[in-house]
Structure formats: structure tokens, C-alpha cells
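Participant: Have a look at this one.
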Ligand SMILES: *Cc1c(COP(=O)(O)O)cnc(C)c1O
């Protein structure tokens, strides 16, 4: 019988860590109170759990507890940050800046602002995927109120220089939001060290549950103001009404704490596995490019483009290895990834690209199996589709 598939898609989602599940369990059946029911013990126990979780998350971030707002995930956090700040500061200016390589959960709210009469600038990145600071500097105007730059890219794993970007935005009196869904728990990122003003987190990217997220917003110097997007019971200081999901809140707090306490060791381990995967594939195949900067990147990320291989056939051949391709396959006609396009990768090579996301439970044996399988499938496809038009078209700028 065939072996079970290898999961190498940890940028898409992660399994919930069993320690997280264990911490959540009492809050489903025993401590099930509504955290807003302040008048009795059930509600008070739930409220205590929520406030403790808020403290624990704040301590991981180097923040204070009242700066932590619970949401349904990084998509909602990004929407609340971008739309909420743009509205709150509209009197000061209506110009917002972001990057071409952002997640859709940033690009789409920014596009929505453009429809609403805001001016938006979508900055190009270097062929490495990194933002050149001078490019941002030139784009900031007197009416710019918000810059949104992701901490780590979900496709090519590159880490933007938030310290330098934050120094610039602070200097120019502009707020900086960062989508940190991929970065938190994997690289060091503390808001008492890096001058960001708003930061989005997702539970299910950090071995916590799905459907829970955090928006952190700076409480002083500057105190960030937001216009709420959702109205109701006035939960979360009026910024996000809706009954709190207590088990998920306990879960994301536990997940973030575990991620932080194991981060340094895990980063070294993942980096080792990633380099092993890369060396095994590049050692056996020619016409393979590594997408994104080679040094400033997430330890568990590897994104490769294969010349001379038809994209769909590549994924089909890799059925027992769970990875993502360089196409958005939400439609019948797959579109090449906007991130790969932004770093100058041709549509053909984008379709024949694979994103590997290595995670907490992957073993060396799994990495070796995945590498062998990729080599085998690519060799096979190149043999049956000789002279495919995408061959060697991938030469990256620089
Ligand atoms: C997954 C992801 C999101 C969306 O997070 P959800 O919690 O699933 O809404 C946003 N940004 C990045 C960079 C992501 O990787």
C-alpha cells in the first residue's frame, strides 16, 4: 500500500498542536460561559480566561494586554486595520501604500478603498521579493496615512525589513500595519522593538485553531485609532462586536506561547530541513530556480520554479506530497501567482512552481521522500514533454 501523504503546505494551514487542544477543551463543556456575562461565575470564569489569554499574547508580542483585539483571523484583522485606519484618519489624508506581493486580504481591502475614493499606491518589489526602502520613501506623501507591508510573504517566504520601514514611517508620521500571519512564531518580531503600529495574526498559521485571529494596535506613541467595521454588543472596546470564542482565544494564546518558547530551536531545525530539500532537488535537477531572497526568508519556506515542465502535470504527479503551486487554482483557468509575477517570473514558470512549507511535525525522512518524488516526477515530465517552451525562460533579473 502507498504511504500516507507528506504534508508540506504549512503556509496554507497548520494542524492544531495537541497541547493547544488540551488547553482549549475545558472551555467547551465546563467553562462555557459568555465572557460578557459579568454578573455570574460562569461569565466571570470565561472573562478571566479571555483576559489571561490577552495578557499572554501581549507578553509574546512585547505589548500591553489592552492593545490586543480578538478577530476571526488574519483576513478580518487586515480588513479592520486597513479600512478602520483609513476611515479614522480620512480627515488627515486619504492615501494608502502597500506592496504588490501582499496577501489578497491586504490587496483587496486596499482596492476597496480605491473604489471609495481613496488614493492607493501599490509598490513594486525587487526581484528578490524585498522592498527597497527608497521606493517607499519616494511614495510617501503629505496625505499618506497608512503603509501596509507584510512581515513574511506566504508564497516566497521573504522577510521585509520592518525595522527600517518602521523608522521611515514613524519619521514621516505615517502608520505602519504589518500582516504577520506567516512571521509570528517563526521569526523574532516584538512590537516593543520594531516600530510597527498595527499587526495581524492568524490562529491556524501558528498551530492554533482556525477562525480566530488577533489585531494588535499600538496604545501609545502613537495611540492608533480605528473606525469599527462590525457593530453590536460593543465587545473588544467597540472595535469588534460579537461574542468571544473563548476556547479559540485560549487556543491562540497557548499556540503563540508555544511558538515563541520553541521558536529558536525550531527555526534551526526547519532551516536545516529546508536546505536539505533544496540541495537534494537542485543537486539532481538542472533548470530549477529558487524564488525569493536566499537569506532573508522564513526557515520553513522553499519556492522553486521548474523549467521545461507543464504546471498542471507537476501537481498531478505529486499527489502524495501536499504542496501548493504557483497558480491560484480557484478557477477553471488558473492564474499565475501575483507574487511570482511581481518578482518577474514568467506565467509558464509560475505555473510550474512549487511552494514547500515545512512545519513542526515534518521529519528528515519525509523531506527525503518529498525530494525524491519531486526529482522523479520532474524527470519523467521532462522526458515526455521534451523541449517544452518554458525551458530556461526563467532567468531571473539579476
Ligand atoms: C493565511 C494568511 C492570511 C489569512 O488568514 P486567515 O486567518 O485565514 O484569515 C492573511 N495573510 C497571510 C500572509 C496569510 O498567510
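Participant: For segment 92-218, which semi-axes, largest first and in whole Å, follow from the square roots of 5 times the eigenvalues of its Cα gyration tensor? Can you show the working numbers first?
Facilitator: Values: eigenvalues 99, 53, 44 Å².
Taking √(5λ) for each Cα gyration eigenvalue gives 22, 16, 15 Å.
Participant: A further question on this structure: Per the helix-only calculation at 222 nm, which mean residue ellipticity applies to the chain, given -39500 (n - 2.57) for every DSSP H run of n ≥ 4 and division by its residues, nearest 500 deg cm²/dmol?
Facilitator: -12000 deg cm²/dmol
Participant: Continuing with this model, one more query. Post the alpha-carbon centroid distance, segment 202-246 to segment 51-120, in whole angstrom.
Facilitator: 10 Å
Participant: Right, here's the next one. Given the chain, what percent of its DSSP beta bridges are antiparallel, to the nearest 5?
Facilitator: In the chain, DSSP labels about 55 percent of beta bridges as antiparallel.
Participant: A follow-up question, please. On a 0 to 90° scale, report how tilted helix 364-384 is relative to the longest principal axis of the chain, with both axes built from alpha carbons and the result rounded to the nearest 10.
Facilitator: 50 degrees
Participant: Return the Rg/Rh ratio of segment 1-117 with Cα-based radii and a Kirkwood Rh.
Facilitator: Result for segment 1-117 is an Rg/Rh of 1.09.
Participant: Now, a different point. Give the dimensionless ratio obtained when the Cα radius of gyration of segment 293-369 is divided by 2.2 N^0.38 Å.
Facilitator: The value comes to 1.14.
Participant: Here's another thing I want to ask about it. Looking only at 375, 250, 145, which one moves most when the chain is put into a Gaussian network model with springs between Cα atoms under 10 Å?
Facilitator: Evaluated over the chain, the most mobile residue of the options is 375.
Participant: When Rg is the radius of gyration of the Cα atoms in the chain and Rh is its Kirkwood radius, what does Rg/Rh come to? It would help to have the intermediate numbers written out before the result.
Facilitator: Values: Rg = 21.8 Å, Rh = 22.0 Å.
Rounded to two decimals, Rg over Rh is 0.99.
Participant: Please identify, among 108, 287, 171, the residue showing maximal mean-square fluctuation in a Gaussian network model of the chain using a 10 angstrom Cα cutoff.
Facilitator: Looking only at 108, 287, 171, the biggest GNM fluctuation is shown by 171.
Participant: Can you tell me the relative contact order of segment 194-328? Whole percent, Cα pairs under 8 Å, sequence separation 6 or more.
Facilitator: Contact order relative to length: 15 percent.
Participant: Averaged over all directions, how much area does the convex hull of the C-alpha atoms of segment 204-254 cover when projected, in nm²?
Facilitator: Numbers: hull surface 17.2 nm².
Convex hull of Cα atoms, orientation-averaged projection: 4.3 nm².
Participant: I'd like the FRET efficiency for residue 369 and residue 341, computed as 1/(1 + (r/R0)^6) with the beta carbon distance as r and R0 of 25 Å, rounded to 0.05.
Facilitator: 0.20
Participant: Where Rh denotes the Kirkwood radius from the mean inverse Cα pair distance, what is Rg over Rh for segment 23-87?
Facilitator: 1.06
Participant: Would you please report the Å³ per residue occupied by the convex hull of the alpha carbon atoms in segment 168-254?
Facilitator: 108 Å³
Participant: Relative to the longest principal axis of the chain, what angle (0 to 90°, nearest 10) does the C-alpha long axis of helix 162-171 take?
Facilitator: Once rounded, the angle reads 50 degrees.
Participant: Over the C-alpha atoms of segment 259-321, what are the Rg and the largest Cα-to-Cα span, Dmax, in Å?
Facilitator: Cα-based Rg and Dmax for segment 259-321 come out at 13.9, 43 Å.
Participant: Using the eigenvalues of the Cα gyration tensor, what equivalent ellipsoid semi-axes result for segment 131-202 when each is taken as the square root of five times the eigenvalue, whole Å, largest first?
Facilitator: 21, 13, 10
Laboratory data are not the source of any read-out in this text; all were calculated from the coordinates shown. Predicted model, so just to flag it, every value in this text is computed and none were measured. Counting neighbours? That spans all protein chains shown, and the Cβs are built from the backbone with ideal geometry, glycine included.
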